[in-house]
Amino acid sequence: MKVRHWVSWFCVVVVSSLALVAAMVADDPPATEAERAYEIKETMLCPVCDGQNVLESNAPVASAIRAQVDQLVSEGRSDAEIRAWMARQYGKDVNATPPRTGIASLVWVIPVFVAIASAALMISVFRKWRVGRGAEVSDDDLEIVASLREQS
Amino acid sequence: MFVRGPGSCVVIALLGTFGIAIGFIGALGGAMTLISALALKREARHRRAIAWIFLMAGGCLLAVLAMEIGLLRDDFSMQYVASNSTRSTPVLYKIATLWGALEGSLLLWAFVLSGYVTAVAISFRRQIQDRLVAWALLTILVVCIFFFGLLVGPADPFGTLSIAPLDGDGLNPLLRNHPLMAIHPVMLYLGYVGFTVPFGFAVAALVTGRLGEGWLVLTRIWTLIAWVSLTVGILLGAWWSYEVLGWGGYWAWDPVENASFLPWLTGTAFIHSVLVQERRGMLRVWNLSLLLTTFALTIFGTFLTRSGVIDSVHEFSASSLGPLLLGFFGFILVVSVALVGWRGDELRSPGSIDSPLSREGAFLANNLLFTLFAFIVLLGTVFPLIVEAINDDQLAVGRPYFDRMLLPIGIALLLVMGIAPVLTWRSTAAQTIGTRALMPAATGATVMVLALIFGAQGLGPVLGIGLGGFVVGSSVRHLFLAVRRNGWAGITGRSGGGMVAHIGVALLAFGFIASTSFSEEGEFQLRPGDRGSVAGHEITFVEVIDEMDGPNRVVRARVNVEGRGVYAPAITQYPTFGRPIATPSVATSFVDDVYLSLIAIPEEGSDLVVIRVLVEPLVAWIWLGGLVIAGGTLLAMVPRRGRFSAFADEAETEEVGL
């Protein structure tokens, strides 16, 4: 590569890294009560409307849950406490996020395991292919080469 | 209104039943003809199956017409019409009611399927003596037999009522208040059912042992038709839910959405990895398995959504067909695994992958990511069922799960999509990448800076947007070189059309990332003249209009969105449906959408309304991206000159350097 390329690449890498750092810094974590309540409502399913979350649903029970979340957040309860409270009130399946304990944790673990296993499998196949490629000179090949040499 | 003699109604239902019976007989006859001809090795007799196929398609057409006549003439003696239509339903939705409920949607399935078989039979009529084509037709006919069998027995759409009600119950109002409902299911079915054709050819290739690349070339266009229809169908569904459901989202990871998404994911993996096989003769087992999986997933998805095992907004279609669909899925699975196992040795590919840093290496990475993606979607969808079966525990796997697990894969896919076009086949020198990837990388960096200037924040979103820019850069570069070399023909064919489609995917990614990460919302209680403001958009509530539309009470709030005009989100109370249905109104632009919805029916006599305002940037880019993807796929279907042979792929020359 020419020097010009190296310089260009250097600029691209620097600009990208700065942009990503700036993006990370600008992203403040949810701090206010309203933001916290919003996030909880967004990840809580309305018990009667099949898959919609309580933030989006206009069913009466959803607006009741919204009010309860606001109430609990203003009382200073933690996210986990609020979620547990809701699960007791409306059943475990109001939480859109599956729990990370017990048998439910498998839903988090299995994909990671499968991802690692399949990536490892692919790498091993690659290596086998490359090793196999190195030792492909058979006796037949040697004979052909030998006969050609004799002819010349 | 007039009273119709009881005879006419019965005639229509009878006509429908007759049509389905003809369809069933046609499918059965065609399959028997092919089986006997194949068993006796009488190739000349294959042709006779075509007549059976025409008979089947004719019967199905008759049934569809009968149903449409019944729906349009308000024949409430037909049970399907009585439970799914009303006199007051507008004509367009009466037509669309055909696919509004279970029996009708299966009829549509059979109709689309018989359309496909007929098209295959016609386009392969000259090669019909070929055993491969005969086996493919036979396989598709077996699928036809299954679906016509459902219509004959357990899901008969033409049941009649001895006493016809004066008016029908009508569909769920959500399904009859937007014209997209008339197109979305049809497109989706064209895609979903379309994968039966490549499935048929895959099975035929396995059975006949002709595992070269010939069958792939035969099915290429069919696969692309199915794929593009499914893509458009899914996006139309997303658009519909955005325009109708009133929460401002377009994708909820609902089981039915997932069911349509699963075959799309494996199908997408296939249309990519098949290029490796066409080019290098490799990945044969893998590609066949992907096709078999894709078809099996369409049946499994139908099982999930049509058996009522899973709660969903699409629950209108729940039924007792579960065991039959599950059985058919099991049958397909067993046959597929057995066939691949039987021919496995002959499927060993002659080539090998020389370097991970090559075009085929990128395709493999693509496949790994897409199958992992599909696996996670499948796991998340069925996991609540598994847990419930094991310890009777109710739990939900919702959007936070899918977002957390799938966004990293989406980011990785964008990276692969950007890097693949700059790689060469076999292996790529670092220097080549350094030269070719520079412009795309610079585009990505520029797009990130622009995104920051426009207010984007957060590592994930900005990285995703930057990678989208990288994809656009490398696709445009590829297209530019192709056009310089081949003229405008350069944007056609696999690589040209593919690159156009990739630009569409990048646009879609921009829209998706911006609208999910940077939306702002506000809820306002307003009286006429009151104002509110969200994300720099001033809205003024003008007036409320409360009126009756036939039997339905419709409340509209006229709201002025500054610079965009007056919009009127509405909320409707249908007498036959419990809770009121809100119809949002969206002020769209290519910068952002102002999404207005009425929260509740205002109290009688009050002019106070509650309006939810959602400002979502770049949503329109999602639909635009879908359009570009569809256009790119159509371009990819254009055959390149002089490339008619199955093995002439080497004609596709690779650009050298930049």
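Any read-out appearing in this document is the output of simple, stated calculations on the displayed coordinates, not a laboratory observation. What you see is a predicted model; the values in this text were computed from it and never measured. With ideal geometry, Cβ positions are generated from the backbone for all residues, glycine too; neighbour counts draw on all protein chains shown.
Any idea what the alpha-carbon Rg over 2.2 N^0.38 Å comes to for the range B:1-171?
On the way: Rg = 18.1 Å, N = 171, 2.2 N^0.38 = 15.5 Å.
That ratio works out to 1.17.
Are there any chymotrypsin sites (Phe, Trp or Tyr not before Pro) in the range B:533-598 that are in a DSSP loop and have at most 16 other Cβ atoms within 10 Å? List them by number. Mind showing how you got there, number by number?
On the way: sites: B:541, B:567, B:577, B:590, B:595; in loops: B:577, B:590.
Counting only loop positions with at most 16 other Cβ atoms within 10 Å, the chymotrypsin sites (Phe, Trp or Tyr not before Pro) in the range B:533-598 are B:577, B:590.
About the Cα centre of the protein assembly as shown, what is the dipole size in debye to 20, counting +1 per Lys and Arg Cβ and -1 per Asp and Glu Cβ, all else neutral?
On the way: 56 positive and 64 negative charges, 631 e Å.
Computed about the Cα centre, the dipole is about 3040 debye.
Select from B:104, B:91, B:16 the residue farthest towards the positive end of the dipole of the range B:1-120; place +1 on Cβ of Lys and Arg, -1 on Cβ of Asp and Glu, and compute about the Cα centre.
Final value for the positive-end residue is B:16.
Can you work out the PRE-style zone for residue B:568? Point 7 Å along Cα to Cβ, and I want the residues of the range B:232-268 with backbone N under 18 Å.
The answer is B:244, whose backbone nitrogens lie closer than 18 Å to the label point.
Given chain B, what whole percent of its Cα pairs are spread farther than 36 Å?
On the way: 98327 of 216153 pairs.
Counting pairs separated by more than 36 Å, the tail of P(r) holds 45 percent.
Taking Rh as the Kirkwood radius computed over C-alpha pairs, what is the Stokes-Einstein D of the range A:31-97 at 37 °C in a medium of viscosity 0.692 mPa s, expressed in µm² per second?
Working: Rh = 11.5 Å.
Rounded to a whole number, D works out at 285 µm²/s.
Per q in 0.09, 0.12, 0.13, 0.14 1/Å, what log10 I(q)/I(0) does a Debye calculation on the alpha-carbon atoms of the range B:527-641 return?
One equal scatterer on each Cα of the range B:527-641 leads to -0.35, -0.54, -0.60, -0.66.
Please get the size of the charge dipole for chain B, origin at its Cα centre, with Cβ charges of +1 on Lys and Arg and -1 on Asp and Glu, quoted in debye to the nearest 20. List each step's numbers first, then the result.
On the way: 41 positive and 45 negative charges, 613 e Å.
It comes to approximately 2940 debye.
Put one equal scatterer on each alpha carbon of the range B:43-88, apply the Debye formula with no solvent term, and list log10 I(q)/I(0) at q = 0.21, 0.33 1/Å to two decimals.
Each listed q corresponds, in turn, to -0.69, -1.06.
Tell me what chain B gives for mean residue ellipticity at 222 nm when only DSSP H runs of n ≥ 4 count, each as -39,500 (n - 2.57), the sum divided by the residue total, rounded to 500 deg cm²/dmol.
Values: 19 runs with 395 residues, N = 658.
It lands at -21000 deg cm²/dmol.
Determine how many Å³ per residue the convex hull of the Cα atoms of the range A:1-121 encloses. Could you put the intermediate results ahead of the total?
Details: hull volume 21.4 nm³, N = 121.
Once divided by residue count, the hull of the range A:1-121 is 177 Å³.
Ordered by residue, what ³J(HN,Hα) values in Hz, to whole numbers, does the range B:583-595 give under the Karplus form 6.51 cos²θ - 1.76 cosθ + 1.60, where θ = phi - 60° and Gly and Pro are x?
Going residue by residue, I get 10, x, 10, 10, 8, 8, 8, 6, 8, 7, 9, 9, 9 Hz, with x marking Gly and Pro.
Work through the residues other than residue B:63 whose Cβ is under 14 Å from its Cβ and net out their charges, Lys, Arg +1 and Asp, Glu -1.
Values: positive: none; negative: B:68, B:103, B:156.
Counting the neighbours of residue B:63, the net charge comes to -3.
At 7 Å along Cα-to-Cβ for each site, give me the label-to-label distance between residue B:386 and residue B:610 in nm.
4.0 nm
Rg and Dmax in Å for the protein assembly as shown, alpha carbons only: what are they?
28.7, 108
Among B:153, B:62, B:27, which residue has its Cα furthest toward the positive end of the charge dipole of the range B:1-171, with +1 on Lys/Arg Cβ and -1 on Asp/Glu Cβ?
B:27
How far apart, in nm, are two points set 7 Å out from the Cα along the Cα-to-Cβ line at residue B:523 and at residue B:161?
3.9 nm
Name the residue from B:136, B:582, B:249 whose Cα lies farthest towards the positive end of the charge dipole of the protein assembly as shown, charges +1 on Cβ of Lys and Arg and -1 on Cβ of Asp and Glu.
B:136
Apply 1/(1 + (r/R0)^6) to the Cβ-Cβ distance of residue B:21 and residue B:119, taking R0 = 30 Å, and write down the FRET efficiency to the nearest 0.05.
Working: r = 23 Å, r/R0 = 0.77.
For R0 = 30 Å, the calculated efficiency reads 0.85.
For the modelled label position 7 Å from the Cα of residue B:44 along Cα-to-Cβ, which residues of the range B:93-126 have backbone nitrogen atoms closer than 19 Å?
It comes to B:125-126, nothing else.
Take residue B:129, project a point 7 Å from its Cα along the Cβ direction, then tell me which residues of the range B:42-78 have their backbone nitrogen under 18 Å from it.
Inside the label zone: B:42-51.
Taking each residue in A:13-19, count the Cβ atoms of any other chain within 10 Å of its Cβ, then average. What number comes out? Spell out each step's value before the answer.
Working: counts 2, 1, 7, 11, 1, 4, 14.
The per-residue average across the peptide is 6.
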